[in-house]
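See structure below.
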Amino acid sequence: MQEKINEIERQIDEAVKDVESSRTLQEIKMKFLGKTGKISELMKNMRDVPPEQRPSMGKVLNALRQWTEEKFGALEKRLKTIELKKKYADEKIDVTLPGRTTPDGAYHPNTLIINELVSVFAGMGFEVFEGPEIENDYYNFTALNTPADHPARDMQDTFYLSDELLLRTQTSAGQIRVMEKKSPPIKILSPGKVFRSDDDATHSPMFSQMEGLVVDKGITLCDLKGMLDEFARKIFGENVKTRLRPSYFPFTEPSVEVDVSCSECGGKGCRLCKGTGWIEVLGAGMVNRHVLEGCGIDPDIYTGFAFGMGVERIAMLKYGINNMKMLFESDTRFLKQFKG
Ligand code: PHE
């Protein structure tokens, strides 16, 4: 018997020699002290021992069990302390470490202009409407008095997605969507991205427009001019004037191109205005009666005006940006300068 006990003690010493984690130690412990462990088996065998030997056997076995329990207990305590220290070290938080800062963002100059335009026009009673960027041919062209084969379709190089669907070339498409749903009085402002197959220093295949539409009884070109004067003063400065030049758009009649006096030289002529004293900022006109009719609005009762301006163009003029590409490159050195 003593031999068996010595053997078990030897086995225990051997098994725990290189143990490094309390979990493995626990597994080893079960092999000896668990229900079916070696020591427990020995205890069970007591049944077969002759009664007179039982007390002395019991004593040695109990001693063995106690020795084993103490050994595992001590080891466990040591391992747990080491593990706890390691855990604390791993989870250590350096409260003196400075916080990570997220740099403040800034509005893109386009967004600044859009926000400014919206607030100027909202002050004149305009509501904002946003139409879809993927339009169908009807809203972008046909309903705007530009049927298939109309030469004015060549004014804009269109990205077609299918025979019917295209990337809108102008926010004017939104005019139709509004007039179909609403009856006059109508006074809406419609900002949005538009797309044209065009790419150079002053053109980008994607740019932004701001559309305006007013329809009511008795609206005249004078109202358009008055409203544009107000817009130009608010955006470019008190002394800025506007002028209308005759132009052509299929959906307006008459159509005009609107210039503002050059805010850089005050109209005397400089590089920015190419010596003319004027800078073109938008297209506009009185809504063509065919367009009103197509939307179910009686042109003998109601008239209206519409205008559409390029947001990038306004941003370039207002902030003195000479290359449109800068507005699309996301270069933070450029964008940072617009931090309010
Ligand atoms: N949609 C025209 C363009 O993109 C601008 C415009 C809008 C002209 C409204 C007249 C009226 O060129």
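Taking neighbour Cβ counts within 10 Å as the exposure measure, how do ARG168, ARG23 sort from fewest upward?
Listed from fewest to most nearby Cβ atoms, that is ARG23, ARG168.
What is the distance, in nm, between label points placed 7 Å from the Cα along the Cα-to-Cβ direction at LYS77 and at GLU20?
2.5
Are there GluC sites (Glu not before Pro) in the range 1-82 that DSSP marks as loop and that have at most 11 other Cβ atoms within 10 Å, and which are they?
GLU20
At 25 °C and a viscosity of 0.890 mPa s, what translational diffusion coefficient does Stokes-Einstein give for the chain, taking Rh as the Kirkwood radius over Cα pairs? Give it in µm²/s as a whole number.
After rounding, the answer is 92 µm²/s.
Once fully extended, how much extra length lies between ASP199 and LYS182, figured as 0.36 nm per residue of separation less the alpha-carbon to alpha-carbon distance?
Numbers: separation 17, 0.36 × 17 = 6.12 nm, distance 3.63 nm.
Full extension of this stretch gives 2.5 nm more.
Among PRO103, ALA63, ILE93, which residue has its Cα positioned farthest towards the positive end of the charge dipole of the range 61-129, with +1 placed on the Cβ of Lys and Arg, -1 on the Cβ of Asp and Glu, and the dipole taken about the Cα centre?
ALA63
Write out the cysteines belonging to the chain for which the nearest other cysteine Cβ is not under 4.7 Å, or none if no such cysteine exists.
CYS222, CYS295
Considering only DSSP states other than H, G, I, E and B, which trypsin sites (Lys or Arg not before Pro) in the range 251-335 qualify as loop sites with at most 10 other Cβ atoms within 10 Å? Display every interim value, and only then the final one.
Details: sites: LYS268, ARG271, LYS274, ARG289, ARG313, LYS318, LYS325, ARG333; in loops: LYS268, ARG271, LYS274.
Sites meeting the loop and neighbour criteria: ARG271.
Past 20 Å, Cα to Cα: identify those pairs from LYS29/LYS71; LYS234/LYS336; LYS241/LYS318; LYS35/LYS87; LYS181/LYS225, in the order given.
Beyond 20 Å: LYS234/LYS336; LYS35/LYS87; LYS181/LYS225.
Rounded to whole Å, give me the distance from the Cα center of the range 75-125 to that of the range 217-263.
47
Show that you can apply the helix-only estimate: for the chain, add -39,500 (n - 2.57) for every DSSP H stretch of four or more residues, divide by all residues, and state [θ] at 222 nm to the nearest 500.
When only DSSP H runs of four or more count, the value is -12000 deg cm²/dmol.
Nothing charged except the Cβ atoms of Lys and Arg (+1) and of Asp and Glu (-1): what's the magnitude of the dipole of the chain about its Cα centre? Round to the nearest 20 debye.
2100
For the range 158-299, what is the Kirkwood estimate of the hydrodynamic radius, computed as the reciprocal of the mean inverse distance between distinct Cα atoms, to one decimal in Å?
16.8
Please report, in Å, the Rg and the Dmax of the range 25-152, where both are computed over Cα atoms only.
Calculated on Cα positions, Rg and Dmax stand at 42.2, 121 Å.
Treating the beta-carbon of each Lys and Arg as +1 and of each Asp and Glu as -1, no other charges, what is the dipole magnitude of the range 11-119 about its Cα centre, to the nearest 20 debye?
760
Could you point to the residue in ILE186, PRO299, ILE235 farthest towards the positive end of the chain's charge dipole, with +1 and -1 charges on the Cβ of Lys/Arg and Asp/Glu respectively?
Selected residue: ILE235.
What does the charge dipole of the range 163-322 about its Cα centre add up to, to the nearest 20 debye, if the Cβ of each Lys and Arg holds +1 and the Cβ of each Asp and Glu holds -1?
Charge dipole, the range 163-322, about its Cα centre: 540 debye, nearest 20.
Within the range 190-255, list the trypsin sites (Lys or Arg not before Pro) lying in a DSSP loop whose Cβ has at most 12 other Cβ atoms in a 10 Å radius. Before the final figure, lay out the partial values.
Numbers: sites: LYS193, ARG196, LYS217, LYS225, ARG233, LYS234, LYS241, ARG243; in loops: ARG196, LYS217, LYS241.
Qualifying residues, ordered by number: LYS217.
Anything in the chain that counts as a DSSP H helix reaching 18 Å or more along its axis (C-alpha) with Kyte-Doolittle mean of at least -1.0? List them, would you?
Numbers: long enough: 2-16 (21 Å, -1.13); 54-90 (52 Å, -0.93); 109-122 (19 Å, 1.14); 221-236 (22 Å, 0.28).
Sorted by number, the helices that extend far enough and score high enough are 54-90, 109-122, 221-236.
Once you've got the GNM for the chain with C-alpha springs shorter than 10 Å, pick whichever of SER263, SER183, SER40 has the biggest mean-square fluctuation.
Comparing SER263, SER183, SER40 in a Gaussian network model of the chain, the most mobile one is SER40.
For the chain, the longest stretch holding no chymotrypsin sites (Phe, Trp or Tyr not before Pro) located in a DSSP loop with at most 16 other Cβ atoms within 10 Å is which?
Result for the longest clean stretch: 160-327.
A short reminder: the numbers here are calculations on the coordinates, not readings from a lab. Bear in mind that the values here come from a model prediction, so they are computed numbers and not experimental data. Cβ: placed from backbone, ideal geometry, glycine included. Neighbour counts: every protein chain shown.
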